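Report on the structure given below.
The values are calculated or read from the model by the stated rules, or taken from the named source; none is laboratory data. Since the structure is predicted, the reported quantities are computational estimates derived from the model, not experimental observations. Counting neighbours? That spans all protein chains shown, and the Cβs are built from the backbone with ideal geometry, glycine included.
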Amino acid sequence: MGSCSSQAALIPDVDQILRETGFSQASLLRLYHRFQALDREEKGYLRSQRVDFAGFARVLAHFRPVDEEDATTRDPKQPEPLNSRMNKLRFAFQLYDLDRDGKISRNEMLQVLRLMVGVQVTDEQLESITDRTVQEADEDGDGAVSFMEFSKSLEKMNIEQKMSIRILK
Ligand code: CA
Ligand code: CA
C-alpha cells in the first residue's frame, strides 16, 4: 500500500478526485497510467483537448460498478455518486443532446443512432427507428425528448448494470 499511495500522490488533486469519483487508490493509479499512455500515443491530443486527468476520471466514474457499501455508508449530505442511476441517466442524456438545450430533437436522435447502428441499416430504416423512438418517449408531444421523458422511457431498464464496466472497480 505504501508504494501505491506514494505514487498516487503524484496525481494532481488526487484527494479531490478520489472523493468525487469513488475509485479506490489502486484503480485511480491504474487509470492515471492509462491516461498518460494515451496522452503520449496521441502526442498531446488529450492535453490540447483540455481533457485533464480529473475530467477523464470523472467520465469513467459514471461506469464504476455500484457496490453495496456505497449505498449504506453514503452520507446523505454528500452529492450523489457519479455512478448513481440518476447520474448515469444524465450522462447518457447528454450524449444525445448534442446542442445541450435540454431536449433530444428528432435530428439529434437520428445522428446518434446513426453512429451507434452499423452500416447494415438503410437510411429509411434508421429514420423510421428514430421516429418510433422519439414518439414512444415523447409524452407531451413537442416532437423532442426531455430529460424527464428520457428517464421515464428507460424506467424499466437496468441502467446501473448496463452502464457498469467491471474493470473499473
Ligand atoms: Ca438538443
Ligand atoms: Ca417531449
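A few points about this structure:
- Answer residue from segment 140-155, given it is in contact (Cβ under 8 Å) with a residue 40 or more places away in the chain and closer than 13 Å to Met86 by Cβ and is farthest from ligand 1 (Cβ to nearest atom) among those: Leu154
- Of the residues making up segment 73-93, those that are surrounded by 13 or more Cβ atoms within 10 Å (Cβ to Cβ) and either out of contact with any Ser or Thr (no Cβ under 9 Å at 6 or more places or on another chain) or among the basic types (Lys, Arg) (or both) are Arg74, Ser84, Arg85, Asn87, Lys88, Arg90, Phe91, Ala92.
- Top-ranked residue in segment 118-139 [being within 15 Å of ligand 1 (Cβ to nearest atom) and among the hydrophobic types (A, V, I, L, M, F, W, C); ranked as surrounded by the most Cβ atoms within 10 Å (Cβ to Cβ)]: Val134
- In segment 127-166, the residues that are among the acidic types (Asp, Glu) and either part of a helix (DSSP H, G or I) or more than 10 Å from ligand 2 (Cβ to nearest atom) (or both): Glu127, Asp131, Glu136, Glu149, Glu155, Glu160
- Annotation: of all residues in segment 101-117 being surrounded by fewer than 15 Cβ atoms within 10 Å (Cβ to Cβ) and modelled with pLDDT of 95 or more, the one that is nearest to Phe91 (Cα to Cα) is Gly102.
- Of all residue pairs spaced 6 or more apart or on separate chains, those with beta-carbon atoms under 8 Å, a first member in segment 80-108 that is among the basic types (Lys, Arg) and a second member that is part of a loop (DSSP other than H, G, I, E, B) are Lys88/His62; Lys88/Met163; Lys103/Asp97; Lys103/Asp142; Lys103/Ala144; Arg106/Gly143; Arg106/Ala144.
- Among the residues here, Asn87 does not qualify as in a loop (DSSP other than H, G, I, E, B), under 30 Å from Pro12 (Cα atoms) and of a type in the set (S, T, N, Q).
- In segment 93-117, the residues that are polar (S, T, N, Q) and near ligand 1 (Cβ under 6 Å from one of its atoms): Ser105
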